[in-house]
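The values are calculated or read from the model by the stated rules, or taken from the named source; none is laboratory data. Remember, it's a predicted structure, so these values are computed and weren't measured experimentally. Using ideal geometry, Cβ is built from the backbone for each residue, glycine included, and neighbour counts are taken over all protein chains shown. Note: accessible area is taken over every heavy atom of the protein model, side chains too, but ligands, DNA and RNA are not part of it. Shrake-Rupley method; radii C 1.70, N 1.55, O 1.52, S 1.80 Å.
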Amino acid sequence: MKRVFIIFMIIASAIVIGFSSVYLVQEFSKVINLSNIGDMWSFIHLSENSPYARFAEVDENDFREPPIPVMGDILVEVDGLPSTQSNYFSVFNVDTPAGETIDIKFMHDYETFVTTVITRSIPFIIQLQVWILVILRSLIILGLILVGLWGFLKRPYSSPVRSMTLFCYTLAVGMNLTVPAISPAYAAFNLPSVAINIFIAVSLFWSAFWLKLQMLFPVRQKWYDKHRLFINILLFAPATIFGTALVFWNKQMGMDITILWTLFISLGYLLLLRNYYRTDNFIEKRQTRLVLLGSAPGIIFSLLFNWFMQIKPELYIGLSFVAKQMITNFMFMLMLLIPVSLAYAFGRYKLLSVEAKLKRGTRFVAVNLFILLLFLGFLYVFGELILKQFVINSRTPTLMLGLLLAFLFMPTQKIIRERLEKHFYPERVRLRELLKNFLASNIVRTESSIFWKELEEKLAEGLSSKKIYPVLRIADKDCFAVELQEPAPFDIKDEIVKRLENKDDPILFDELIASGKIMLSKEQEEWFLQRKSAILLPLTTNSGLVGFLVISSKTNGEDFTAEELELLANLSAQTALVVENFELLDEKLIKQKLEEQIKVARGIQKGLLPGEIPVRPGLEVEALIRFCLEVAGDYYDVISLDDHRTVLSIGDVAGKGIGPAMLMANLQASLRTTQAMGISLGESAMQINRIVFDNTPPELFITFFMALIDVREGCMKYVNAGHNPPFFVMQDGHVNMLSKGGVLLGVKEDAEYEEGEVLLNPGDILFMYTDGVCEAMNCSDEEFGEKRLARIVSDNRRLPLSDLVHLIEKEVEVHHGSSDYDDDFTLLVARLKPYE
């Protein structure tokens, strides 16, 4: 049996899609032909059975000169032919160009007149209305077919879905045939009348499927299953009888069909309301409410239109063509809501969001229509009564009033909307003001815990929600935590997080689960259920998702409303901004603390460097250090051992910042300790290397140079541990590089270091530096270089040492282009003087 149903549904889908495609092509061919022809745009009621056609609407622009017929006159002949429908369209057809003259004969007060019609292109207002009608019709039919096909493909064995699909299909067929915009004579082709009658008969079933759908949606009724055969006979027998009479005997039963539709539609809405009030399931309530809101405007309006056509057809016939088209277009706009509401209702997702949009759209259309009718009525009264009373024929006053009313349209709309909202939704207005004032007063709050607590209190007051959980992303990490403290089982790669990141609107947790849109891990699902999660509110800023707010269910056991969901959507962006401010404030506080720590470290480091270089007999010493950051990894020291021996040292710790600065302090302490022990420079270097190796990570190492100058003996011993070789500049300008020693400190645990020795004479210079000097680059990526540095020292060896170091500083700055160096910059210079 299921296979039979599937085959039937496939055949039905193919027939409906095929018929709708052909019929819509026919409709579009009408409009295209109509846009390119010349015609008379005074509207006439034509009949094939009578040569007398009555003017329903007269446009004076159709006629070259008087006599001009008036509404109600009888068209007798067209170009010498009796004015039957076929004769009229043999003269005015798709081949008739604009600008052609055609003689017509009409009767006014039983007197016959002859006049000349000048064919012209379709007026813009008519063309616009016709195009709107055809486009709206196409959208409705496409929407109904797609929703029906989607439901069938998704759940082909579901009885409610099959009923929904067949309802959509039969209604789509009916929408094809409802209120044709223009005569079939303008079409490029026409379907056989028998085929048209068959599809009209098919369209009669839409109300039966509508009623059956309410017996199965959102849950299947037990009494339907108990009496299914009998109910189905009652449902489909009337439409079968009426359709058979139409197809085989061409019998029109407009009033009978209208009564049948009214009965079935009314019963369907009663069942829908009954289902709504009897269910305790929030999703089922939202589904039924959404179907009610989406279908009622269009279906009820079309039903009232049918009754109007059955009871007072002459009133409709008496309306202008544009007025008729506007009524039809308005009806079609309302019908467009049906496929939208059905798609979301059966998808069980974003039900409240769509409901909110439907309500907002309905209010918008209703308010605008009311204001438009009010303004048009005002213009009519002004034009017909006031201007005529004072015999003013100029249109300028009416035009000026129309412009004034146009300027007043938007302010009037806003005032009416606000008044309606205060009257119908006082709770919503109160909640909006509550949250608005709260956020305004907390936009710069610095204590996040107090903010979340107060927000929870406001939501409890305005929404009756039990609790909120701010799940925030931890800075520079992919994980989340509640208020950045309690870990939450979410990661930026999770499907739920990606969904929230791409959504600005609140997400209802039960809809998310029921729709199957995403898959949660067991841990995540339990986390949400334990907190009785009802709404997930994304918190997004321009920088992305900063977290989401989990709002628990209401304390009174009620569901959230569409209006409350809209307010929460507005709350999302503002709350996200507050969260981002928290992050910025936290970053600022961290930065301030770090700056304070760096300031302390800088003070300590400066204290470790020689504040004033001690005056040494027989030795002149000068130093200069420039930091590229607040603290440096460069180091120098001057240690007095006795009245004739001095230790000079310089070093460069790998890297920059606090870590290297701390290592530099350790280096200084180690050097002073070993020198106080009276051991040799080589042994001192070995012990310092072992300390550095044992207590620092592999990526940290030190280049180091130390020299022991004995001015009494006139000699200097030194050890170079991987440092830039210092220059020993003799009196004659010759430069020697001091490179004896060993590897860098901290690289090899058992490294040994060789001592070098140099004899000294008065005027000799020891020039030590770090790599920030020789590696300073210009804009062409050219280094300052050791050769250039050695030449400058040699050429200026007789300058006072303070002048020499400042000269080198200036030369490096000119080469680099600024005083902002990429590395620390240190110079230490000593010159031997006669010793007494």
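Annotations
- A669 satisfies every condition listed in (1) open to solvent by less than 20 Å² (accessible area, probe 1.4 Å); (2) out of contact with any Leu (no Cβ under 6 Å at 6 or more places or on another chain); (3) assigned to a helix (DSSP H, G or I) except (1).
- Residue check, M71 out of contact with any Ser or Thr (no Cβ under 6 Å at 6 or more places or on another chain), at negative phi, assigned to a loop (DSSP other than H, G, I, E, B) and open to solvent by 10 Å² or more (accessible area, probe 1.4 Å): yes
- Residues of the stretch 474-497 that turn out to be closer than 12 Å to V550 by Cβ and at pLDDT below 85, as a count: 1
- Only residues that are aromatic (F, W, Y) and either free of Cβ contacts under 8 Å to residues at least 12 places away in the same chain or surrounded by fewer than 22 Cβ atoms within 10 Å (Cβ to Cβ) (or both) were counted across the stretch 146-162, and they come to 2.
- So E755, is it open to solvent by 30 Å² or more (accessible area, probe 1.4 Å), closer than 30 Å to P697 by Cβ and without any contact (Cβ under 8 Å) to a residue 60 or more places away in the chain: no
- Failed item, numbered, when L292 is tested on (1) in contact (Cβ under 8 Å) with a residue 40 or more places away in the chain; (2) closer than 18 Å to P160 by Cα: (1)
- The stretch 244-258 - residue that is in a helix (DSSP H, G or I) and either touching a residue at least 40 places away in the same chain (Cβ under 8 Å) or open to solvent by less than 50 Å² (accessible area, probe 1.4 Å) (or both) and, of those, nearest to Y269 (Cα to Cα): T258
- Residue that is modelled with the lowest pLDDT, among those in the stretch 549-580 that are open to solvent by 40 Å² or more (accessible area, probe 1.4 Å) and of a type outside the set (G, A, S): E580
- Residue in the stretch 56-63 that is in contact (Cβ under 8 Å) with a residue 60 or more places away in the chain and under 23 Å from T178 (Cα atoms) present: yes
- Check on S121, more than 35 Å from the chain's Cα centre (by Cα), open to solvent by 60 Å² or more (accessible area, probe 1.4 Å) and of a type in the set (G, A, S): yes
- Of the residues making up the stretch 317-338, those that are more than 30 Å from R155 (Cα to Cα) and among the aliphatic types (A, V, I, L, M) number 7.
- Lone unmet requirement of (1) free of Cβ contacts under 8 Å to residues at least 40 places away in the same chain; (2) open to solvent by 70 Å² or more (accessible area, probe 1.4 Å) for Y276: (2)
- Taking first residues from the stretch 86-115 that are among the acidic types (D, E) and partners that are surrounded by fewer than 17 Cβ atoms within 10 Å (Cβ to Cβ) and outside any strand (DSSP E or B), the Cβ contacts under 7 Å between residues at least 6 apart in sequence or on separate chains come to D103/D79.
- Hits in the stretch 678-699 (condition: in contact with a helix residue (DSSP H, G or I) (Cβ under 8 Å, 6 or more places away or on another chain) and surrounded by fewer than 17 Cβ atoms within 10 Å (Cβ to Cβ)): I679, E683, Q687, N695
- Every pair of residues 6+ apart whose Cβ atoms lie under 9 Å, when the first sits in the stretch 118-145 and is over 26 Å from Y169 (Cβ atoms) while the second is part of a helix (DSSP H, G or I) and open to solvent by 50 Å² or more (accessible area, probe 1.4 Å): I118/N61; R120/N61; S121/N36; S121/Q127; I122/N36; P123/N61; Q129/M326
- Screening S353, S341 for residues that are in contact with an Asp or Glu (Cβ under 7 Å, 6 or more places away or on another chain) and either assigned to a loop (DSSP other than H, G, I, E, B) or within 30 Å of R155 (Cβ to Cβ) (or both) leaves exactly one candidate, S353.
- For the stretch 346-375, the candidate set comprises residues that are among the hydrophobic types (A, V, I, L, M, F, W, C), within 20 Å of C168 (Cβ to Cβ) and open to solvent by 10 Å² or more (accessible area, probe 1.4 Å); within that set, the residue that is nearest to the chain's Cα centre (by Cα) is V354.
- Residue count, the stretch 196-243 (criterion: open to solvent by 50 Å² or more (accessible area, probe 1.4 Å) and under 30 Å from E27 (Cα atoms)): 5
- Filter pass, G174 being among the small types (G, A, S) and in contact (Cβ under 8 Å) with a residue 40 or more places away in the chain: no
- Qualifying residue in the stretch 35-54 (condition: under 15 Å from A187 (Cα atoms), assigned to a helix (DSSP H, G or I) and in contact with a Phe, Trp or Tyr (Cβ under 9 Å, 6 or more places away or on another chain)): yes
- Scanning the stretch 804-813 turns up no residue that is open to solvent by 60 Å² or more (accessible area, probe 1.4 Å) and either touching a His at 6+ places or on another chain (Cβ under 8 Å) or in a loop (DSSP other than H, G, I, E, B) (or both).
- When the stretch 184-195 is filtered for residues that are open to solvent by 30 Å² or more (accessible area, probe 1.4 Å) and assigned to a loop (DSSP other than H, G, I, E, B), the ones remaining, listed by number, are A188, F189, N190, L191, P192.
- All conditions in (1) within 53 Å of the chain's Cα centre (by Cα); (2) open to solvent by less than 10 Å² (accessible area, probe 1.4 Å); (3) at pLDDT 80 or above hold for D652, with the sole exception of (2).
- For the stretch 262-312, a residue qualifies if it is under 14 Å from F217 (Cα atoms), outside any helix (DSSP H, G or I) and more than 34 Å from the chain's Cα centre (by Cα), and exactly one does: T279.
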